[in-house]
Amino acid sequence: MKLPGRIAALALVCCALWSALGNAATPGAATNPAARLILTDGQETGVLDGSALAQHASLWQDGAPASKTAAPTAPPDWQPALAQQRQGAFKPTNATTVTLGQNAPPTWLHLAIWNSGSPREVELLVGAPWQDFQHVYLLTPTPQAPQAGPGQWPDPAYLHATAVAQMGDQASSQSARSRLVGSVGWTTRIEIPAGHSEVLVRMQTIEPMVVPVRMYTVEALAAIERSRNMAYGLIYGFLAALMAMSLLIGSVLRERQYLLYAVCLACAIVGNAVYNGHGYLYVWPSAHYWQSFGVAVTSVIYAWALLRFAGLFFGLAEFVPGLWRWGRYFTNAAVATVALALVIPSNLLAISVVFVALAAFTPALLCLALLGAQKQHGAGRLFVSAAVVGMFGGVTTVLTIWGLLPYSTVGYYAFEVGFVIEAMLLAAAVVRRVQQVRQTSERAREQALRDPLTGLYNRRAFFELGWPLWHGTERRGDAMSLLMVDIDHFKRINDTYGHDRGDEVIQAVGHALQLVARAQDLVVRWGGEEFVVLLPGTAPQDAHALAERVRQEVADLKLAGDGGPLQLTISVGACDRGPAHRGLGELITQADAALLQAKQSGRNQVVIAPSD
């Protein structure tokens with residue numbers, strides 16, 4: 001299947017998964033907002049194991065959008081919210097996890113609980129890791145409260161409120177019973193009394209508001225936290241290893257594209273640590289400003305670096321200069337706008353830029369990658385596959401936390417899963433690209449060492465490859481010999497038959513030398529009509545025998561010429577390495593002297609230089 005067909009098939013698979021995701025996450029009909037969550041002794045499965053409890057909750061949005069609402073400086077008054085709940089202003093949720101989108105108004109959540117068993121301590125999860133402010137109140141009836149009938153709410157005048165928790169990544173202080181669990185969210189430990197109780201939670205954030213309502217036993221949440229920490233430790237370790245590999249490759253090869261890819265990986269690690277709360281939890285617990293803007297900053301730098309990585313990877317500046325230029329303008333503008341948002345400061349502007357950039361950048365990058373992949377088959381296809389997976393994961397998560405897709409665990413974590421797969425594919429593309437560069441370099445080096453006419457090694461290769469043979473045989477105490485070969489009357493052949501026929505003669509003699517030489521011998525076209533054969537591990541008598549075989553092989557060649565077959569002969573000078581020889585150059589000099597003697601003695605013969 002050709003590349004476009006494969007990409008189309010991959011897109012169809014993504015669409016099918018997206019459709020299945022939406023169908024799997026579609027909730028059933030909303031339940032009565034007055035329906036209490038029933039707790040009994042020993043009850044854990046389906047309630048205290050992290051199962052979604054949003055169907056027992058109801059919501060009410062209070063006031064203007066978060067960007068126009070002042071940050072709370074004191075715990076908000078819960079009584080007006082409870083009054084609104086009693087008047088029916090709270091609406092039931094219709095999803096396992098509530099997603100209210102970006103810049104939603106401050107939102108109150110109400111959860112009624114009936115505990116028919118003994119009091120028990122639970123961990124309540126009511127906020128995503130990036131939520132700004134959350135205040136949790138536990139309402140319990142006073143001893144003087146009249147008994148409420150079935151389906152009736154206790155009179156608010158007889159409810160006692162305990163401010164259980166103040167938490168969030170922008171809160172000036174965190175309550176002792178609240179904490180952030182990385183990749184899970186903000187939780188608070190509350191003690192549910194026997195009988196009726198109610199939980200009120202006020203949430204405020206400029207970022208997309210996601211409200212997962214879940215309860216855990218203390219032990220269950222601790223086990224989840226351990227497993228998540230192990231999983232993310234592996235993810236961060238994998239990405240850090242890829243980053244180190246890219247830095248090493250970029251430093252060794254002196255190529256910017258690998259350094260840019262390392263920047264992409266660094267942004268992914270830091271941005272993910274902001275997104276899922278691990279950074280706030282372990283690295284910058286008091287850096288509220290960075291926690292607020294970290295995702296936006298790392299996202300635009302990631303896009304900026306990834307575009308330039310793709311440009312160098314595919315050579316887009318030469319291949320599609322117009323699109324490349326506009327892509328650089330777009331990413332520069334995104335970086336500048338986020339920088340402006342940092343100065344103002346405006347978290348709403350920064351997050352809006354990220355979502356707009358994501359909507360425009362990912363399809364544009366995919367198009368550029370498809371165009372560039374036409375030039376690079378192996379690495380290009382891997383890059384395109386990575387872009388598709390990363391785009392699908394990122395868009396799915398964005399639409400999920402914005403509330404445009406029904407919430408599901410798969411959609412919520414699609415960005416992280418997609419990015420890990422994308423990083424693996426990009427790493428494979430980088431490795432493939434390195435292999436291509438190395439193969440190209442090796443081919444260029446091989447061509448630099450080869451004679452283009454005969455395919456034999458040239459004079460440069462003789463010294464580059466000959467010295468290891470010299471030192472190896474010298475270290476083992478083996479003999480070494482050398483043959484200097486010259487085609488007899490070659491100038492007359494050129495003058496009589498032309499240079500094309502002369503080239504054919506040189507090629508034929510070179511081929512004859514290759515036929516006679518052994519695998520370990522080094523056959524070289526020295527220049528013009530001269531050849532050199534370096535014979536490691538060869539004694540003088542064996543070198544003489546091999547030289548005679550070469551001479552006879554050439555004499556038996558039959559090349560057609562004007563007026564009949566062209567008769568070829570060669571003269572050979574041979575020498576062996578002696579104690580007085582200090583290098584290959586001295587062997588060449590001595591063999592050349594023996595060749596001259598062969599020429600002067602009538603040609604078509606082998607002359608052995610006297611041993612030193």
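The values are calculated or read from the model by the stated rules, or taken from the named source; none is laboratory data. Bear in mind that the values here come from a model prediction, so they are computed numbers and not experimental data. Positions of Cβ are generated from backbone atoms using ideal geometry, with glycine treated the same way; all protein chains shown enter the neighbour counts. Side chains included, ligands, DNA and RNA excluded: accessible areas come from the protein's heavy atoms. Shrake-Rupley method; radii C 1.70, N 1.55, O 1.52, S 1.80 Å.
For region 478-508, which positions are hydrophobic (A, V, I, L, M, F, W, C), open to solvent by less than 20 Å² (accessible area, probe 1.4 Å) and within 22 Å of Gln590 (Cβ to Cβ)?
Met480, Leu482, Leu483, Met484, Val485, Ile487
Could you check Val437 against (1) in contact with an Asp or Glu (Cβ under 9 Å, 6 or more places away or on another chain); (2) closer than 30 Å to Val213 by Cβ; (3) of a type in the set (Val, Ile, Thr) and say which number it fails?
The failed condition is (2).
If I ask for residues that are open to solvent by less than 50 Å² (accessible area, probe 1.4 Å), in contact with an Asp or Glu (Cβ under 7 Å, 6 or more places away or on another chain) and closer than 30 Å to Arg475 by Cβ, which ones from region 541-580 would you list?
Residues satisfying the conditions are Ala543, Gly573, Gly578.
Do you know which residues across region 305-326 are open to solvent by 20 Å² or more (accessible area, probe 1.4 Å) and under 12 Å from Cys367 (Cβ atoms)?
Hits for region 305-326 are Val320, Leu323, Trp324, Trp326.
In this structure, does Val485 turn out to be β-branched (Val, Ile, Thr) and assigned to a strand (DSSP E or B)?
Judged against the criteria, Val485 is a match.
Please determine whether any residue of region 323-338 is of a type in the set (Ser, Thr, Tyr), in contact (Cβ under 8 Å) with a residue 12 or more places away in the chain and touching a helix residue (DSSP H, G or I) at 6+ places or on another chain (Cβ under 7 Å).
Checked region 323-338: at least one residue is of a type in the set (Ser, Thr, Tyr), in contact (Cβ under 8 Å) with a residue 12 or more places away in the chain and touching a helix residue (DSSP H, G or I) at 6+ places or on another chain (Cβ under 7 Å).
Just for region 107-157: of the residues that are crowded, with 21+ Cβ neighbours inside 10 Å and of a type in the set (Phe, Trp, Tyr), which one is nearest to Ala70 (Cα to Cα)?
Phe133
Which is part of a helix (DSSP H, G or I), surrounded by fewer than 22 Cβ atoms within 10 Å (Cβ to Cβ) and of a type in the set (A, V, I, L, M, F, W, C), of Val270, Val300?
Being part of a helix (DSSP H, G or I), surrounded by fewer than 22 Cβ atoms within 10 Å (Cβ to Cβ) and of a type in the set (A, V, I, L, M, F, W, C) holds for just one of Val270, Val300, which is Val270.
Looking only at region 85-106, decide whether some residue is modelled with pLDDT of 85 or more, in a helix (DSSP H, G or I) and surrounded by fewer than 20 Cβ atoms within 10 Å (Cβ to Cβ).
Yes, that holds for at least one residue.
Collect the residues in region 201-216 that are at pLDDT below 90 and in contact with a Phe, Trp or Tyr (Cβ under 6 Å, 6 or more places away or on another chain), keeping them in residue-number order.
Once the filter is applied, which keeps residues that are at pLDDT below 90 and in contact with a Phe, Trp or Tyr (Cβ under 6 Å, 6 or more places away or on another chain), region 201-216 yields Glu207, Pro208.
Does Ala517 meet the test of being touching a His at 6+ places or on another chain (Cβ under 9 Å), buried (at least 18 other Cβ atoms within 10 Å of the Cβ) and closer than 23 Å to Asp451 by Cβ?
No, not satisfied.
Search region 459-482 for residues being assigned to a helix (DSSP H, G or I) and acidic (Asp, Glu), and hand back the single one that is nearest to the chain's Cα centre (by Cα).
Top of the filtered list is Glu464.
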